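Encoded as structure tokens, the structure appears first; notes follow it.
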Amino acid sequence: MRRIISVLLENQAGSLSRVVGLFSQRGYNIDSLTVAPTEDPTLSRLTLTTTGDDFVIQQVTKQLNKLVDVVKVQDLTEGAHIERELMLLKVRAEGADREEIKRCVDIFRGQIVDVGPTTYVVQITGNSGKLDSFIEALGDAVILETVRTGVSGIGRGEKALRL
Amino acid sequence: MENLSGGEILVRALKDAGVRHLWGYPGGAALHIYDAIFKQDEVKHILMRHEQAAVHAADAYARATGEVGAALVTSGPGATNAITGIATAYMDSIPLVVISGQVPQEKIGEDAFQETDMIGISRPVVKHSFLVKNQEDIAETLAKAFYIAASGRPGPVVVDVPKDVTDPNVQVPYKYPEKIKIRSYQPALRGHSGQIKRAVKLLLSAKRPVIYSGGGVVMGNASEALTNLARLLNYPVTNTLMGLGGFPGSDQQFLGMLGMHGTFEANTAMHHADVILAVGARFDDRVTNTPDKFCPSAKIIHIDVDPSSISKTVPVDIPIVGPCDVVLADMLTLIEAGKDRPDSDAISEWWQQIDGWRERYGLYTRPRYEPSDGKLIKPQDAIKALYKVTEGQAYITSDVGQHQMFAAQYYLFDKPRQWFNSGGLGTMGYGLPAAMGVQMAFPDAPVACVTGEGSIQMCIQELSACTQHQLPVKIIILNNQALGMVKQWQDMQYGSRYSHVLYEDSLPDFVKLAESYGHIGMRVEHLDELESGLEECFSHKDRVVILDISVDEAEHVYPMLIAPGSMRDMWLNKTERT
């Protein structure tokens, strides 16, 4: 089962490599990973998606908690949450395709952020499923580049992952 | 506040952290630190002959004293050599601070001479690590390192110190922090009281209980509490390889070691238990055999200071996260205050059953190996003789292999911190430097390294350091002319094809080798010389002695769990199995 795990991490040199190293060392998967400092510059917020059964995920969260640099860990998928990912796509946009791609971008509430004589750069945000669907919806259009940020997530409601 | 250079601060901070002995090996990147060591005499530095051995010695010193061990190495090869020692300590949860020199910060990343990324290369085998970037940070970083190494589940911490940070020309005020607080690190100090209540209730309801205790009891100073609890309840106790000495080995309630080469009675009792109290043990694959066949009818209580140890390989029913000594003391208090007592009828019936197993195939009821022809020395007999001659009071270190298992089986450890071996990583070469660490901790006590002719050669260079630092350890080689444990597996699983386990007459003369280092060398080849040889060996109180004992080359270690299978599936000798 796919899980989104949020980690509050000391923003120090080497902290990220400890998290990433833990996953390879213990044979866990990382499907995506995003990390950036929070409003408190001494802390980083890291979101990673992984797959595993309850047994594996329990071990993943325990092992993450065991890292000295890790302040808090939360499995977002355990409760109501919001997940977002941003994707930038460079597509071949010529002839009839130009109009077709534009329509598709509108349907997905994306934006064309760069227009060239033969290309568009499209920006889409949403959950990973929506991004996958957009790629599918492009059909025969030629994709020149795909850049995805990986999932960011946050829990709904009062509860917050903070110090 | 006094102004000191980085090197001086580092050494002063070691002293303030309580370090009395620092095991190490100098080199370019550590020169400023070594100069600061030269100028003081409070922290005693012990020059070893290899960085791996320096770390092993510091590790054993920590195991012996309960203090944090400390080692100092230089950058590059010094650092990489230390890795095996660090990994050994990591697997056995030993509190250790290893300081490595590093090239100056402006050179980091340039592939400078003797540069290696120590933080990166050590990452999977440390509890934590620090790269010190400023003189001002040295004292606090070291204080944090010692705190992290010793608290919670102990482990090794690496502090990597670039050479510019210890520059003697730059001086800053020195202050060692009185208290350390790390917001992201808060190890459990007590067990959950509700869980402890549930555990006590289950424990008292048991009809076929077993207490299974590990290295966490020894390292967590919980032996006394464990022994009191076991005696109060009259429950049988088995120890892991790392847990030996956690409960007195010669006690009637002790079933011996469990696991791969555990006793028949311990493994069989585990398999039939209805309640298992696991304390400071981690359900290692050398204990459980096939995890899903492990103790099929048992409810399991697991006390461990590390939450990630709980339900890692075997799901448990009542987990309690907390220090073993505190949790066991809480359990004792609860039992003593309450009215409930164990079901004495059921427990005495259980003991009858266990005694029946002991009688049938127990390790200590009668010899479980072909007796000697009167001349040939059985390795098991060598350990029994060692036990007799030292009256069970020696500190024993071992290397890895058959000799290690024989020592664990036949030397009955009555005290915690009496037995030292690389249980988790299985590091050949641990024994001799470990004996040096123990001897440094207890200068007047008998310390013996039980080893093989294979393992001893992995850190044999330390015979020289023994001379220099007057560490009169006794080296007992069970010499079977082969890498015995590998050969045993080749016998059992590879049709006795002895691929690269024999030396083809290339072994050194250990007697002459000892003498060349200024030590005493002795050889024993016949059974009737065994005890007198050992007695003579230990009579040389102030000398290092190598006692090279020729043992039966064909002997195997039994019992041996059969994989895949449960804990009751064992080879009992070369032809019989359960």
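The values are calculated or read from the model by the stated rules, or taken from the named source; none is laboratory data. Treat the numbers as computed from the prediction; the structure is a model and nothing was measured. Note that we place each Cβ from the backbone using ideal geometry, even for glycine, and neighbour counts take in every protein chain shown.
Among the numbered conditions (1) of a type in the set (Lys, Arg); (2) in contact (Cβ under 8 Å) with a residue 60 or more places away in the chain; (3) in contact with a Gly (Cβ under 8 Å, 6 or more places away or on another chain), the only one that B:Arg568 does not meet is (3). Scanning the range A:84-103 for residues that are buried (at least 19 other Cβ atoms within 10 Å of the Cβ) and within 30 Å of A:Val35 (Cα to Cα) returns A:Glu85, A:Met87, A:Leu89, A:Val91.
So that you can scan it fast, the table gives a plain yes or no per residue for (1) over 30 Å from B:Gly565 (Cβ atoms); (2) touching a residue at least 40 places away in the same chain (Cβ under 8 Å); (3) in contact with a helix residue (DSSP H, G or I) (Cβ under 9 Å, 6 or more places away or on another chain); (4) among the hydroxyl-bearing types (Ser, Thr, Tyr):
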{"residue": "B:Ser297", "(1), (2), (3), (4)": "no, no, yes, yes"}
{"residue": "B:Ile301", "(1), (2), (3), (4)": "no, yes, yes, no"}
{"residue": "B:Asp304", "(1), (2), (3), (4)": "no, yes, yes, no"}
{"residue": "B:Ser308", "(1), (2), (3), (4)": "no, no, yes, yes"}
{"residue": "B:Val314", "(1), (2), (3), (4)": "no, no, yes, no"}
{"residue": "B:Ile320", "(1), (2), (3), (4)": "no, yes, yes, no"}
{"residue": "B:Leu328", "(1), (2), (3), (4)": "yes, yes, yes, no"}
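Here is a yes/no grid of residues against (1) at positive phi; (2) modelled with pLDDT of 95 or more; (3) not in a loop (DSSP other than H, G, I, E, B); (4) not aromatic (Phe, Trp, Tyr):
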| site | (1), (2), (3), (4) |
| --- | --- |
| B:Glu370 | no, no, no, yes |
| B:Asp373 | no, no, no, yes |
| B:Glu391 | yes, yes, no, yes |
| B:Met405 | no, yes, yes, yes |
| B:Leu425 | no, yes, no, yes |
| B:Gly437 | no, yes, yes, yes |
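The one condition from (1) surrounded by fewer than 23 Cβ atoms within 10 Å (Cβ to Cβ); (2) outside any loop (DSSP other than H, G, I, E, B) that B:Val450 does not meet is (1).
Checking each residue in the range B:145-195 for being in a loop (DSSP other than H, G, I, E, B), touching a Gly at 6+ places or on another chain (Cβ under 8 Å) and away from chain A (no Cβ under 14 Å) picks out B:Asp167, B:Pro168, B:Val170, B:Leu189, B:Arg190, B:Gly191, B:His192. Restricted to the range A:77-96, and to residues there that are among the hydrophobic types (A, V, I, L, M, F, W, C) and more than 22 Å from A:Gln123 (Cβ to Cβ), the residue that is farthest from the other protein chains (Cβ to nearest Cβ) is A:Ala96. Among the candidates A:Asp31, A:Asp106, A:Asp75, the residue that is of a type outside the set (A, V, I, L, M) and over 18 Å from the mean Cα position of the chain (by Cα) is uniquely A:Asp106. Being in contact with a Lys or Arg (Cβ under 7 Å, 6 or more places away or on another chain) and over 17 Å from B:Gln409 (Cβ atoms): is that true of B:Val218 here? The answer is yes for B:Val218. Residues of the range B:60-70 include none that is among the charged types (D, E, K, R), touching a helix residue (DSSP H, G or I) at 6+ places or on another chain (Cβ under 9 Å) and without any contact (Cβ under 8 Å) to a residue 12 or more places away in the chain.
Could you look through the range A:36-76, keep only residues that are acidic (Asp, Glu) and within 11 Å of chain B (Cβ to nearest Cβ), and pick out the one that is nearest to B:His128 (Cα to Cα)?
This residue is A:Asp69.
One line per residue, one yes/no per condition, for (1) closer than 26 Å to B:Tyr147 by Cβ; (2) in contact with a Leu (Cβ under 7 Å, 6 or more places away or on another chain); (3) crowded, with 18+ Cβ neighbours inside 10 Å:
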site	(1), (2), (3)
B:Pro177	yes, no, no
B:Ile180	yes, no, no
B:Gly191	yes, no, yes
B:Gly194	no, no, no
B:Ser205	no, no, no
B:Gly220	yes, no, yes
B:Ser223	yes, no, yes
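Checking each residue in the range B:115-144 for being within 13 Å of another protein chain (Cβ to nearest Cβ) and in a helix (DSSP H, G or I) picks out B:Met118, B:Ile119, B:Gly120, B:Ile121, B:Ser122, B:Arg123, B:Pro124, B:Val125, B:Asp137, B:Thr141, B:Lys144. Meeting the requirement of 1 or more residues that are over 22 Å from B:Arg49 (Cβ atoms) and among the small types (Gly, Ala, Ser), the strands (runs of 3 or more DSSP E) wholly within the range B:456-556 are B:545-550. Search the range B:275-312 for residues being within 14 Å of chain A (Cβ to nearest Cβ) and among the small types (Gly, Ala, Ser), and hand back the single one that is surrounded by the fewest Cβ atoms within 10 Å (Cβ to Cβ). If we take residues in the range B:275-312 being within 14 Å of chain A (Cβ to nearest Cβ) and among the small types (Gly, Ala, Ser), then B:Ser311 is surrounded by the fewest Cβ atoms within 10 Å (Cβ to Cβ).
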